[in-house]
Amino acid sequence: MFQSCASDIILEMPRAFLQHLAVMVTIVSAGYAAYSAQRILVARQADAGTDGGYRLFLPDGPSVRLLALGQQVTLADAYWLRFVQYIGSPEAMRDGLPQAFELADLITDVDPLYGYAYQAAGVALNSAKRLDESDAILAKGMHNVGDRWQLPFYLAFNHWYERNDLATGASYLQRAAAVPGAPNLVREMVARLSSAAGQADAAVAYFENLLLSTDEPGLRERLEERLLELRIERDLVRLEDLIAQYKAQFGAPPPDLDELVGRGLVAVPVSPSGSPYRYDPSTGQIEPPEGKRLSRPVRTARSDN
């Protein structure tokens, strides 16, 4: 009898009230799911290894999406905030962002249309030298969000700059250029890949573009450090080319860099930090400023041959 009365009461409730109740249940459920996700994410596991690091406990992406009760975007945003915190944490940066891909993969499983997550994760993984993972999240983004020219653009950089695979890099640049709304910069960079100096210019332009489209402080700091390094590399490539031309003409390296002024050099450059480059006239070798080490050897015309 009680069940019958309850059914009668429910049937007599206004439809608007029932719809409102359903919405409230959905919001509460989604809020609890987001809260639970955050609790899972912030939990730290004491590492039994020697590095004193920690690991995030991350749930299975497809399962989370299934349980999100229509609130996938809200839940993906909660995970995204944790991603931003993670890539800026000293522990994760020290360890090379070991779970950045796993976290980005989770975000984009929950919301496959989260275009900016693919972009930022691809850049962060590149900066941590996790190129295969960067490739994977960018390729996933190209599959799910085909209208973002930045995704093949960033993949191009991974290939032509990081791996010196110009053919694959140019192919991705052409795909980026074909996306409606892609800037002229993308088309211009295809032509630049034919020379070492052009590659250095393209790399600087690439990171300048990244900074214009990145707001997260932790990621911007990493990009600014990389851009400083690339500007130094660009200067070294130009100087090495001019030193090689001088040596080919006169049979010996120039006695100092001032000899290059007027021979393709307007003035002797200084590094972006204001320190002079180091030059050895006995060997013709040019090096970064004192105390500055590049993360990889400078790729000049001679090293490409």
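The values are calculated or read from the model by the stated rules, or taken from the named source; none is laboratory data. All values reported here derive from a predicted model rather than from experimental measurement. Cβ placement follows ideal geometry from the backbone for every residue including glycine, while neighbour counts extend to all protein chains displayed. Note: accessible area is taken over every heavy atom of the protein model, side chains too, but ligands, DNA and RNA are not part of it. Shrake-Rupley method; radii C 1.70, N 1.55, O 1.52, S 1.80 Å.
Residues in region 100-136 that are in a loop (DSSP other than H, G, I, E, B) and under 17 Å from Gln150 (Cα atoms): Pro112, Leu113, Tyr114.
Tallying residues that are at pLDDT 90 or above and either open to solvent by less than 20 Å² (accessible area, probe 1.4 Å) or touching a Phe, Trp or Tyr at 6+ places or on another chain (Cβ under 7 Å) (or both) within region 54-79 yields 3. Candidates Ser171, Ser127: the one that is surrounded by 15 or more Cβ atoms within 10 Å (Cβ to Cβ), of a type in the set (S, T, N, Q) and touching a Leu at 6+ places or on another chain (Cβ under 8 Å) is Ser127.
Within region 54-82, residues that are of a type in the set (D, E, K, R) reach partners that are part of a loop (DSSP other than H, G, I, E, B) and modelled with pLDDT under 90 with beta carbons closer than 8 Å, at six or more positions or on different chains, in the pairs Arg55/Gln45; Arg55/Asp47.
For region 202-220, the set of residues classified as at pLDDT 80 or above and either under 17 Å from Ser271 (Cβ atoms) or open to solvent by 50 Å² or more (accessible area, probe 1.4 Å) (or both) consists of Val204, Glu208, Leu212, Arg220, listed by residue number. Among the residues of region 232-283, those identified as part of a strand (DSSP E or B) and open to solvent by 40 Å² or more (accessible area, probe 1.4 Å) are Val261, Val270, Pro276, Arg278, Tyr279, Asp280.
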